[in-house]
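A.B. asks: Would you mind keeping the following structure in view while I ask a few things?
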Amino acid sequence: MTQNHGEHGAREARGERTDRGERQTAQERIVDALYGLGWSTVKRLPEPVAARLGRRIADTAWKRRGKSVLRLESNLARVVPDASPARLAALSQAGMRSYMRYWMESFRLPTWSAERVRDAFQPKDVHYLTDGLAAGRGVILALPHLANWDLAGVWVTRTLGVPFTTVAERLRPESLYDRFVAYRESLGMEVLPHTGGSAFGTLARRLRAGGLVCLVADRDLSASGVEVKFFGDTARMPAGPAMLAQQTGALLLPATLCYDEPPVMRGRVHPPIEVPQTGTRGEKTAVMTQALADAFATGIADHPEDWHMLQRLWLADLDPDRGQGSL
């Protein structure tokens, strides 16, 4: 009886897992189809229509107060700690509109002319980047999730004529990840998967050859990053940019972006982060990653509505035992 009951329970458990897996697969297919629809449809819309559609989607999502919106608002509360509830609500609404502007632009980027790309991005202090490359030194350009990093990348490839290598987070379903890789490769980027273990070695080889590596580096995906102080609390950021600079001698440059009135995005390349003269590799990595976080914080504080951080970042949010747990 007990054995039969156990076998029956095991079959039920296997069936439940199968059903859950099938539901997940169905959901992934829907997500992939929606993104495919965006790539195929939005780029054909007149630009004012696409902009209005993006704002409508953003406002609808904001009014529903789902987990992503609440997480964005919670993150913004750390960036602007003295903001009133009304100010936070206005910031999160502007943040969702900025986030959807990113998507609407990204869906349409493959159709933009070289002139449109050139005029759409107006960065300052690009000489840090061009001087480093001209000297034959590899350059690591590290950015937070501000405004449209894909547009900045296309500007680098088309306006400066500089190809670069980047790393992409593996997405589910796999077909959606493949879409992103194909999209970014069509814009002139070499894209490596974040997982698999070979990305670091390939990036190091590109840098030793005097190439450019661009990394979005304000959120650690490995759970083994470097702890930094970020807007008054502890967060974890990837060690990769600092480690690559130490190992290859490449220049490490932070960059920050912000949106202006359409169609213009602005940006700044910050002064290089030097490798400390003393300390262990781990100590040097910690100092450099903190300097990177400080540079990111300046751009985020100036334009918090353009920081598209809809995930948990601070350790107190990742681990409720360390502090106040939340979504």
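The values are calculated or read from the model by the stated rules, or taken from the named source; none is laboratory data. Because the structure is predicted, anything quoted here is derived from the model rather than measured. So basically every Cβ, Gly included, is an ideal-geometry build from the backbone, and we count neighbours across all protein chains shown. Quick note on the areas: whole protein, heavy atoms, side chains included, nothing else; ligands and nucleic acids left out. Shrake-Rupley method; radii C 1.70, N 1.55, O 1.52, S 1.80 Å.
A.B. asks: I'd like to compare 47-59, 274-286: which one has the highest average count of other Cβ atoms within 10 Å, and what's the full order after that?
C.D. replies: Ranked by mean Cβ neighbours within 10 Å, highest first: 47-59, 274-286.
A.B. asks: Find the Cα radius of gyration of the stretch 164-315, compare it with 2.2 N^0.38 Å by division, and give the number to two decimals.
C.D. replies: 1.07
A.B. asks: Quick check for you: with a 1.4 Å probe and neighbouring chains kept, what is the accessible area per residue of the stretch 62-109, in Å²?
C.D. replies: Solvent-accessible surface per residue comes out at 46 Å².
A.B. asks: How big is D for the stretch 208-272, in µm² s⁻¹ as a whole number, if Stokes-Einstein is applied with the Kirkwood radius of its Cα pairs at 10 °C and 1.306 mPa s?
C.D. replies: Rounded to a whole number, D works out at 114 µm²/s.
A.B. asks: Students often check this: by mean Cβ neighbours within 10 Å, which of 158-169, 68-79, 97-108 ranks highest, and how do the rest follow?
C.D. replies: Taking the mean over residues of other Cβ atoms within 10 Å, the ranking is 97-108, 68-79, 158-169.
A.B. asks: When ranked by the protection proxy of mean other Cβ atoms within 10 Å per residue, highest first, what sequence do the peptides 237-243, 141-147 form?
C.D. replies: Output ranking for 237-243, 141-147: 141-147, 237-243.
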